[in-house]
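Here's the structure we're looking at; comments come further down.
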Amino acid sequence: MAQHSLISVEHLSRRYGNTLAVNDVSFSVQRGEVLGFLGPNGAGKSTTMQMLTGNLAPSAGAIRINGIDLLEAPREAKRHLGFLPEQPPLYRDLNVDEYLGFCARLHQIPRARIARAVAESKERCGLGEVGRRLIHQLSKGYQQRVGIAQAIIHGPEVVILDEPTVGLDPIQIREIRQLIRELGGEHSVILSTHILPEVQATCDRVQIIQRGELVLSDTIAGIVQRMQGSSVILGLRRPPDEASLLALEGVQAVQALDDGRLRILHARQHNPAEALATAAAQRDWGLYELSPERLSLEEVFVNLTTRETPAEEGQP
Ligand code: ADP
């Protein structure tokens, strides 16, 4: 199993004085997978990203990039790693070709292969037309593409992106997310973000960090499952008494809403929608609405990150 992981993190911890910023975190990412790394501020995302990219020494634990130990062989491991920091290191007075050429040399791409590497990374990031444009004249969305192009110019297996869509407009956000998905095809991508819909739109799997610890690791499909709530909204023109509803299988409680509709609470495993619809038809209750209430990803996130929190540790 482990040999297929392009990123493997084992028991990673980082202390700052008395603060345990990252606490015994383990995970792996496979080829072709986009992993969303999500957490509230102060949760330990940046600290983890900095360790993964070899910019911060862990207090304990091991990181392997494409099977190479990052702590034992940092130079070799980093060859397989591309990084887009939150503030991309763009040289604004260079044009795109010059800048990417410079990045290619930094990554020690042999001189004879630089032109091709620049052309390929531009092509993949939709920068084909703007090679001669100065970076500071590009829109923020195009600048972000340049940031991604520099992260993949040396053909790394692993790409780590820190908050890649911050500051972009909605169209640029869609384009960058699309690009990230495409990168996921060949690479392993880790996307650090605090934006929940970004994870849903872009990632295959999500990992939530809270107070330095992983509190959830699941596929997007699994998350969607968790989003299935345990209530349905029921609209009846001629509602029966509560006891008739409670008598139906699966119904645990009935709440009257202000607008006359009812909220039916049920066990998560046992949605009574069908029983409600059947009873409403048979007994002429005048059914006009029957819809599941779903938790938003936001609510799932809040549930997960606030659960079992000792009162005295309310704030980091
Ligand atoms: P995030 O990126 O999720 O916002 P960070 O990794 O930046 O979280 O921070 C995790 C914890 O470590 C926080 O409690 C933060 O205050 C602390 N921390 C981060 N960097 C330092 C530092 N250089 N010195 C001391 N404490 C730090």
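Hey, what does the equivalent ellipsoid look like for the chain, semi-axes from the Cα gyration tensor as sqrt of 5 times each eigenvalue, largest first, whole Å?
Numbers: eigenvalues 445, 117, 53 Å².
Taking √(5λ) for each Cα gyration eigenvalue gives 47, 24, 16 Å.
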Determine the sum of side-chain charges near Ala73: Lys and Arg each +1, Asp and Glu each -1, restricted to other residues whose C-beta is under 12 angstrom from that of Ala73.
-> +1
By the mean-Cβ-within-10 Å protection proxy, highest first, 262-269, 194-201, 118-125 rank as 118-125, 194-201, 262-269
Computed over the stretch 95-181, Cα set: Rg, Dmax in Å | 12.5, 39
Please list the non-local residues whose amide H lies under 5 Å from the amide H of Ile190, H modeled 1.01 Å from N, same-chain partners needing a gap of 5 or more.
-> Leu35, Val159, Ile160, Leu161
Round to the nearest 10 and report in Å² the accessible area of Ile233, as given by a 1.4 Å probe over the protein chains' heavy atoms.
-> 10 Å²
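Give me the net charge of Leu84's neighbourhood, meaning all other residues with Cβ under 13 Å from the Cβ of Leu84; Lys, Arg count +1, Asp, Glu -1. The partial results should precede the final answer.
Values: positive: Arg145; negative: Glu86, Asp162, Glu163.
Charge balance near Leu84 sits at -2.
Using only Cα atoms, figure out Rg for the stretch 130-210 and give it as a multiple of 2.2 N^0.38 Å. If you can, show how the numbers build up before the last one.
Details: Rg = 12.9 Å, N = 81, 2.2 N^0.38 = 11.7 Å.
The stretch 130-210 yields a ratio of 1.11.
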With N residues in the stretch 229-299, Rg(alpha-carbon) / (2.2 N^0.38 Å) equals 1.04
Taking protein heavy atoms only, a 1.4 Å probe, and rounding to whole percent, the accessible area of the chain owed to carbon and sulfur comes out at 48 percent
Tilt, helix 170-186 to longest principal axis of the chain (alpha-carbon atoms), in degrees rounded to tens, equals 70 degrees
Take each of the peptides 234-243, 79-88, average the number of other beta-carbon atoms within 10 Å over its residues, and list them starting from the highest.
-> 79-88, 234-243
Angle between the chain longest axis and helix 140-152 axis [Cα atoms, degrees, rounded to 10] = 70 degrees
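Could you rank Tyr142, Tyr288 by how accessible they are, 1.4 Å probe, largest area first? Mind showing how you got there, number by number?
On the way: Tyr142 75, Tyr288 95 Å².
From most accessible down to least: Tyr288, Tyr142.
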So what is the accessible area of the chain per residue, in Å², with the probe set to 1.4 Å?
-> 52 Å²
Charge dipole (debye, nearest 20) of the chain; +1 at Cβ of Lys and Arg, -1 at Cβ of Asp and Glu = 1080 debye
What is the local net charge at Val224, summed over the other residues whose Cβ is closer than 12 Å to its Cβ (Lys, Arg +1; Asp, Glu -1)?
-> +1
Options Leu246, Met227, Gln87, ranked by Cα towards positive dipole end of the chain, top entry (Cβ charges) = Gln87
Charge-dipole axis of the chain as Lys and Arg at +1 and Asp and Glu at -1 on Cβ define it, positive-most pick from Ser59, Pro110, His154 = Pro110
Kindly write out, for the stretch 80-95 in residue order, the coupling ³J(HN,Hα) from the Karplus curve 6.51 cos²θ - 1.76 cosθ + 1.60 (θ = phi - 60°), rounded to whole Hz, with x marking Gly and Pro.
-> 9, 10, x, 9, 10, x, 4, 9, x, x, 8, 9, 5, 8, 8, 7
Rounded tilt (10° steps) of 96-106 against the dominant C-alpha axis of the chain = 80 degrees
Starting from the Cα coordinates of the stretch 1-127, work out the convex hull volume and express it per residue in Å³.
-> 142 Å³
With x for Gly and Pro, the residue-by-residue ³J(HN,Hα) of the stretch 209-217, computed from phi through the Karplus equation 6.51 cos²θ - 1.76 cosθ + 1.60 at θ = phi - 60° and given in whole Hz, is 10, 8, 6, x, 10, 6, 9, 7, 9
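The values are calculated or read from the model by the stated rules, or taken from the named source; none is laboratory data. This structure is a prediction, so every number in the text was calculated from the model and none was measured. Counting neighbours? That spans all protein chains shown, and the Cβs are built from the backbone with ideal geometry, glycine included. Remember, those area values only see protein heavy atoms, side chains included, never the ligands or the DNA or RNA. Shrake-Rupley method; radii C 1.70, N 1.55, O 1.52, S 1.80 Å.
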